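Following: one structure in structure tokens, then a few remarks.
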Amino acid sequence: MTEKADMSMRRAEQRLAALQAELHEHAHRYYVLDAPVISDAEYDRLFRELLELEAQFPELVTPDSPSQRVGGEPLAAFAEAAHALPMLSLDNIFAAEELADFEERVRRRLKSTAQLTWTAEPKMDGLAVELIYENGLFVEGSTRGNGLVGENITANLRTVRNIPLRLHGAEPPERLAVRGEVFLAKKDFAELNRQRTEQGEPLFANPRNAAAGSLRQLDPKITAARPLSFFVYGVADPAALPCASLTELFPHLRSLGFPVNPLIKFCRSLAEAEEHYNHLQQLRHELDYEIDGMVIKAASFAAQEELGSTARAPRWAVAWKFPAEEAEAVISGVEFQVGRTGAVTPVAALEPVRIGGVVVRRAALHNQDEIRRKGLMIGDTVLVRRAGDVIPEVLRPLAERRTGKEQPIVFPKECPTCDSALHRPEGEAVTRCRNPRCPAQRLQRIIWFAGKSGLDIEGLGPKNVERLAEAGLIEDIPDIFRLNKERLAALDGWGEKSAEKLLAAVERAKSTTLAKLLAALGIRHVGETTAELLAARFGGLQPLMQAGEELLLAVDGIGGQTAAALREYFADPNNRSLINRLLETGLSVQAAEKKADGGPLAGMVFLFTGTLASMSRAEAEERVRQLGGAAASSISKKVTHLVAGEKAGSKLKKAAELNLVILDEQQFVRLAAA
Ligand code: IVH
């Protein structure tokens, strides 16, 4: 480089830094504080200058430059992003009485409840995301996914205007993972749908779906064109910041540049929280964005820590949902659907009705008892409730609308598919078809196995499974792996291309993980999260199949019902035979250890100090390695996490000086359950 070129590059570098700082500041004032100090035209001028300089010196473009908000190159697919600490869900309540129960549970579990305080926060109806900052720079953002592993959507999140790309303040933490909700304002949703109507594109059902669709675009430029917003509502690990409670955390996050919902209220009692709930419910329809309830959290991090979490949700928080949206509809008939476990579910066919912007044609009747309890008849005008995403349900008949022509709903005595006698165990509400060869059950099991919660085989959704079953190509799950190209291609409307495509997807699904296979089998009470826990603990199918109740119950997050369901499932010769036949088709199940190459602890180096209560140090180190992390024997710059057991000594002090992540045993166990 000539001296002159070097000079102009250095000057450009300085100017760029100044421009970036200025633009960051103005964007923050505009999008986060809602208090701009320069005109839009002036902002545009600065922005254009930045773009021109960056075009001249592309090597000076940094990932946190304001220019990166416009979206980068399209991706072929999203990569996985593991959450260092699980992203949990929330337990729901629907009435003030349940709030009292919640408080009672919290107080019972805490040693001292003297100064319990709470936050009452609008429950944003958007998408949960995690944002990671390293030394103040936004480096990775992901969806919640199954809570343990989500999708890496960094490029898309960079386009969300009020997500800081660089934290404010002189001394940002080395690593910070914040969590919050991405959403689309109601008016922006309406405008987006208006444009889509004009362009003849399918409409989004609601702002939440529109936000989800926008965030999960492989082309970040499309996301950039959608005016998404963000509110932060927490951090993965409060220890990363100098805050003892949410009361301190929210102002701190605001000072770092994050948008915090101004409707979050700090409460000294749950009576105050209840007042805020009523207030928010009043305000709900005037707000610019959708909320579906209020989240109540114990404010103190020490209290949160003491209360802990179940595999699903923290014990220190609860979501108090707003009453759902309701409408009147007429029941035109009842269908009886047979599920994969043989449960026969009545579903009301409705004359189409719009509820909360969605056309509803079917509604759950749940079971025989519910039908009787509500006194429902065919021909009844009923109240139907649609709560967010869940399946609409029939609440009650409007008896005053009866004409006398209504017909009783008769529950069948035989399975509508295989004619075998239905059975309703004493004390249970569910009526079941107990024929293990029932084609309807079998079909549902195949659909589940191939579907999103199972092996997620592309092109093998419910419609195609039904199609292949009708054509006699699939009778049972293992048949998926024996599909043959000629017969597929010969199907009406198929051909070689589609046959090859499906076979390629099946081939990809053939090598899977233990967790995915477990979830795919559809064992009762074993969803994705539980499957992950089991896979991590047992490593392979054999040890799990042989595990007795005690071993199962020893897994954190596995309760009595789940353990019993697992025992029952693996004891059934039909299921054992299914598993054997699956393995015979060449299905390969990676053990959990193998998965760990890029596992949840990848890139982390653990050092243990002090005595651990629940395992030996060697076991703990082995666990770390299984999950893709490394174990160190002495403190050094390479170490990222220090786990301090009982009587931790000098290493703990040293670790604090080095600013390492310090975990206690409980926190480590939770992390290593991933
Ligand atoms: S706290 C461990 N706070 O609700 C605590 N969640 O039903 C988990 N949500 O996945 C979340 N507003 O997407 C929290 N103020 C708020 C929230 C909120 C909306 C969503 C979030 C979460 C879901 C759980």
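The values are calculated or read from the model by the stated rules, or taken from the named source; none is laboratory data. Since the model is a prediction, treat every value here as computed from it, not as a measurement. Please note: Cβ atoms are built from the backbone with ideal geometry, for glycine as well, and neighbour counts cover all protein chains shown. Each accessible area value is taken on the protein alone, full model and side chains, heavy atoms only, with ligands, DNA and RNA left out. Shrake-Rupley method; radii C 1.70, N 1.55, O 1.52, S 1.80 Å.
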Which value, in Å² and to the nearest 10, is the accessible area of Glu619 when all protein chains are kept and the probe is 1.4 Å?
-> 110 Å²
More than 12 Å apart - percent of Cα-Cα pairs taken over segment 276-329 = 72 percent
Sorted by chain and then number, the residues having a modelled amide H within less than 5 Å of the amide H of Ile153, at least 5 places away or on another chain, are Gly141, Ser142, Thr143
Hz values of 3J(HN,Hα) by residue in segment 268-273 - Karplus curve (6.51, -1.76, 1.60), Gly and Pro given as x = 8, 8, 6, 5, 5, 4
HN-Hα couplings for segment 551-557 via Karplus (6.51, -1.76, 1.60; θ = phi - 60°), in whole Hz with x for Gly/Pro, come out as 4, 5, 5, 6, 7, 4, x
Which pairs break 24 Å Cα to Cα here: Lys463/Lys501; Lys111/Lys297; Lys374/Lys405; Lys452/Lys501; Lys463/Lys497; Lys516/Lys638?
-> Lys516/Lys638
Once Lys297, Lys501, Lys405 are ranked on solvent-accessible area with the largest value leading and a 1.4 Å probe, the list reads Lys405, Lys501, Lys297
Shape call for segment 313-362, from the Cα gyration tensor axes a ≥ b ≥ c (a/c under 1.5 means rounded, otherwise prolate when a/b beats b/c, else oblate), comes out oblate
Hey, can you grab everything whose amide H is under 5 Å from the amide H of Gly610? Only 5+ residues off in sequence or another chain; H modelled, so Pro and N-termini drop out.
-> Gly645, Gly649
Label zone at Glu568, where the point sits 7 Å out along the Cα-to-Cβ direction: segment 332-375 residues whose backbone N lies under 12 Å | 341-343
Surface accessible to a 1.4 Å probe, per residue, for the residues of the chain, Å² | 50 Å²
DSSP beta bridge pairing in the chain, given as percent antiparallel to the nearest 5 = 80 percent
Debye sum, Cα scatterers, segment 1-60, no solvent: what log₁₀ I/I(0) at q = 0.28 1/Å?
-> -1.12
Within the chain, which cysteines find no other Cys whose Cβ is under 4.7 angstrom from their own?
-> Cys243, Cys267
May I ask you to compute the full-extension gain from Glu22 to Lys638, defined as 0.36 nm times their residue separation minus their alpha-carbon distance, rounded to one decimal in nm?
-> 218.2 nm
Enter the per residue convex hull volume of the chain, computed from alpha-carbon coordinates, in Å³ rounded to the nearest integer.
-> 216 Å³
For segment 24-89, the Cα convex hull volume per residue in Å³ comes to 167 Å³
Can you list residues whose amide H is under 5 Å from Leu663's amide H, if they're 5+ apart or on another chain and H is modeled 1.01 Å from N?
-> Leu642, Val643, Ala644
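Could you calculate the FRET efficiency of Glu201 with Leu398 from 1/(1 + (r/R0)^6), where r is the beta carbon distance between them and R0 is 56 Å, rounded to 0.05?
0.90
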Segment 120-191 versus segment 234-272: alpha-carbon centroid distance in Å | 16 Å
Can you pull the percent of the chain's accessible area that's carbon plus sulfur, 1.4 Å probe, other chains left in place?
-> 50 percent
³J(HN,Hα) computed for each position of segment 299-307 - Karplus, 6.51 cos²θ - 1.76 cosθ + 1.60, integer Hz, glycine/proline x = 6, 6, 5, 5, 5, 4, 4, 5, 6
Which length gain, in nm to one decimal place, applies between Ala471 and Ala190 when the Cα-Cα distance is subtracted from 0.36 nm times their residue separation?
-> 96.8 nm
Would you list which aspartates and glutamates come within 15 Å of Lys221, measuring only between C-alpha atoms, while excluding same-chain residues fewer than 8 positions from it?
-> Glu73
Contour minus Cα-Cα distance for His279 and Arg487 (0.36 nm per residue) | 68.7 nm
Hey, what's the Cα Rg ratio for segment 554-674 versus the globular rule of thumb, 2.2 N^0.38 Å?
-> 1.38
